[in-house]
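This report refers to the structure that appears directly beneath it.
The values are calculated or read from the model by the stated rules, or taken from the named source; none is laboratory data. The shown structure was predicted, so the numbers you read here are calculated from the model rather than taken from an experiment. For neighbour counting, all protein chains shown are included, and Cβ atoms are generated from backbone atoms with ideal geometry for every residue, glycine included. To get the accessible areas, we keep the full protein, side chains included, count just its heavy atoms, and leave off ligands, DNA and RNA. Shrake-Rupley method; radii C 1.70, N 1.55, O 1.52, S 1.80 Å.
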Amino acid sequence: MSEMKDMILDVVERMVKENVDKDLVDIVEQGKWSPEVWELFEENGMTVVAISEENGGAGGDLDDLLNIIRLTGKYAVPIPFAENTFANYLLEYANLNIVEELATYMVSTNQAFTLENNQLSGTALNVNWARHMNRLVTIANSGEGMRLVEVSLSEAEITHHTNLASEPRDTVTFHNVTVSQVSNVLTADQIHYITTLETAIKLALMAGAIDKTNELTIQYTKEREQFGRPIHRFQLVQQHIVQLAGETAISLAAFNNFTAALLSNTHKNEVAYACLRMEEAITAVAAIAHQVHAAIGTTHEHSLHQYTRRLWAWRDEGATSAYWSDVLATELLENGSDSLWTYLTDSKNTVTL
């Protein structure tokens with residue numbers, strides 16, 4: 001955790017509160033994004049917060065980065081912040097040069113491009129914000145193994161698609177395009193770590209959106225009146241609020257736990273467990289919030305759908321709970337321990353907050 005974390009997060013939250021409203025978030029529906037808000041992040045050094053000072057960054061850490069991403073999820077900020085910052089983080093992780101142009105990433109080994117004679121070929125689906133970006137950081141199969149490469153998107157064929165929240169999730173195709181940078185062959189542990197980080201970023205976004213959904217619901221119950229009093233005075237609504245608050249607290253605790261574990265390099269399966277638990281939270285949070293808001297929560301004029309749609313969309317992107325369930329189940333089967341309980345409660349590689 002950097003010493004300036006609280007100040008950094010205060011700056012970011014003030015920026016997004018002052019500059020991001022429902023109308024701005026709605027521009028994503030029109031296939032647009034907000035360069036003006038991006039410039040604010042860039043001017044304040046947030047786009048390189050987790051890059052080392054030696055490489056021109058701010059020298060922050062993963063805790064700073066994940067918490068800023070959490071805030072962009074909380075306010076549905078219509079900029080590719082998570083994508084650009086993670087792309088450069090990956091480049092530095094692989095001992096490659098970071099890029100100044102807008103960059104996104106695609107790190108699914110199931111969709112790996114083919115790298116031959118330093119040229120990239122293949123097709124990848126659901127590449128975040130590709131139409132608005134200049135560079136792509138991705139995984140490619142070189143024949144010798146998987147490598148991380150950086151390539152210009154100017155020579156790619158990009159077909160526009162969106163997710164449930166209308167965010168750009170494009171299909172990108174390369175035909176023998178020369179890459180700008182290529183890493184050494186990645187080990188299995190390195191690929192697993194990259195997948196873990198990608199999931200952590202997605203969970204950070206979802207933790208923010210869950211937090212915002214909770215706030216919107218509480219605010220609505222104070223403003224909406226029925227039978228002459230605010231609906232938060234009714235016992236059934238109070239029960240919903242308590243359950244929603246509990247799921248929100250669990251999600252934020254899970255976020256804080258795996259963030260601390262990643263920072264101290266004792267993360268083992270914290271991200272996997274958080275992914276499984278947060279999927280349960282999303283199901284409950286979205287259902288409760290829409291039940292309390294009733295019909296108005298589904299209208300375009302209300303902002304609730306901007307967060308629940310993102311929760312449903314992000315939940316199904318990248319390494320999903322199905323992927324991590326398989327990873328955990330395989331590890332349990334191969335563990336060889338005589339006691340499942342001992343394995344599950346072993347804390348030598350975990351962080352306790």
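How many residues does the stretch 26-59 contain that are within 20 Å of LEU102 (Cα to Cα), open to solvent by less than 80 Å² (accessible area, probe 1.4 Å) and assigned to a helix (DSSP H, G or I)?
11
Is it the case that some residue within the stretch 181-198 is within 16 Å of the chain's Cα centre (by Cα), modelled with pLDDT of 95 or more, buried (at least 16 other Cβ atoms within 10 Å of the Cβ) and of a type in the set (A, V, I, L, M)?
Scanning the stretch 181-198 turns up at least one residue that is within 16 Å of the chain's Cα centre (by Cα), modelled with pLDDT of 95 or more, buried (at least 16 other Cβ atoms within 10 Å of the Cβ) and of a type in the set (A, V, I, L, M).
Can you name the condition, by its number, that LEU276 falls short on among (1) closer than 19 Å to LEU236 by Cβ; (2) in contact with a helix residue (DSSP H, G or I) (Cβ under 6 Å, 6 or more places away or on another chain)?
Of the numbered conditions (1) closer than 19 Å to LEU236 by Cβ; (2) in contact with a helix residue (DSSP H, G or I) (Cβ under 6 Å, 6 or more places away or on another chain), the odd one out for LEU276 is (1).
Only one of (1) open to solvent by 40 Å² or more (accessible area, probe 1.4 Å); (2) under 20 Å from the mean Cα position of the chain (by Cα) is not met by LYS74, so which one is it?
(1)
Given the criterion closer than 15 Å to ILE194 by Cβ and either part of a strand (DSSP E or B) or at pLDDT 95 or above (or both), identify the matching residue among LEU120, LEU65, LEU125, LEU71. Write out each step before concluding.
Numbers: LEU120 fails: closer than 15 Å to ILE194 by Cβ; LEU125 fails: closer than 15 Å to ILE194 by Cβ; LEU71 fails: closer than 15 Å to ILE194 by Cβ.
Residue meeting the stated conditions: LEU65.
Which members of the stretch 168-204 meet the condition of being under 27 Å from ILE250 (Cα atoms) and either in contact with a Phe, Trp or Tyr (Cβ under 9 Å, 6 or more places away or on another chain) or polar (S, T, N, Q) (or both)?
The answer is TYR193, ILE194, THR195, THR196, LEU197, GLU198, THR199, ALA200, ILE201, LYS202, LEU203, ALA204.
Condition check ((1) part of a loop (DSSP other than H, G, I, E, B); (2) open to solvent by 20 Å² or more (accessible area, probe 1.4 Å); (3) closer than 15 Å to LEU203 by Cβ) across all residues:
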{"residue": "GLN238", "(1), (2), (3)": "no, yes, no"}
{"residue": "LEU244", "(1), (2), (3)": "no, no, no"}
{"residue": "LEU252", "(1), (2), (3)": "no, yes, yes"}
{"residue": "PHE258", "(1), (2), (3)": "no, no, yes"}
{"residue": "GLU280", "(1), (2), (3)": "no, yes, yes"}
{"residue": "ALA319", "(1), (2), (3)": "yes, no, yes"}
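What are the residues in the stretch 157-180 that are open to solvent by 20 Å² or more (accessible area, probe 1.4 Å) and assigned to a loop (DSSP other than H, G, I, E, B), if any?
Result: HIS160, HIS161, ASN163, LEU164, SER166, SER180.
Do you know which residues across the stretch 130-152 are open to solvent by 10 Å² or more (accessible area, probe 1.4 Å) and either closer than 16 Å to TYR89 by Cα or part of a loop (DSSP other than H, G, I, E, B) (or both)? Give the derivation first.
Initially, the stretch 130-152 is screened for residues open to solvent by 10 Å² or more (accessible area, probe 1.4 Å), giving 131-135, 141-147, 152.
Hits for the stretch 130-152 are MET133, ASN134, ARG135, SER142, GLY143, GLU144, GLY145, ARG147.
Scanning for something farther than 29 Å from THR162 by Cβ, of a type in the set (Gly, Ala, Ser) and either touching a helix residue (DSSP H, G or I) at 6+ places or on another chain (Cβ under 7 Å) or surrounded by 14 or more Cβ atoms within 10 Å (Cβ to Cβ) (or both), does the stretch 286-303 turn up at least one residue?
no
If the Cβ limit is 9 Å and pairs must be 6+ apart or interchain, which residue in the stretch 245-274 that is touching a residue at least 60 places away in the same chain (Cβ under 8 Å) and on the phi > 0 side of the Ramachandran plot pairs with which residue that is surrounded by 19 or more Cβ atoms within 10 Å (Cβ to Cβ) and assigned to a helix (DSSP H, G or I)?
Hits for this filter: LYS268/ALA261.
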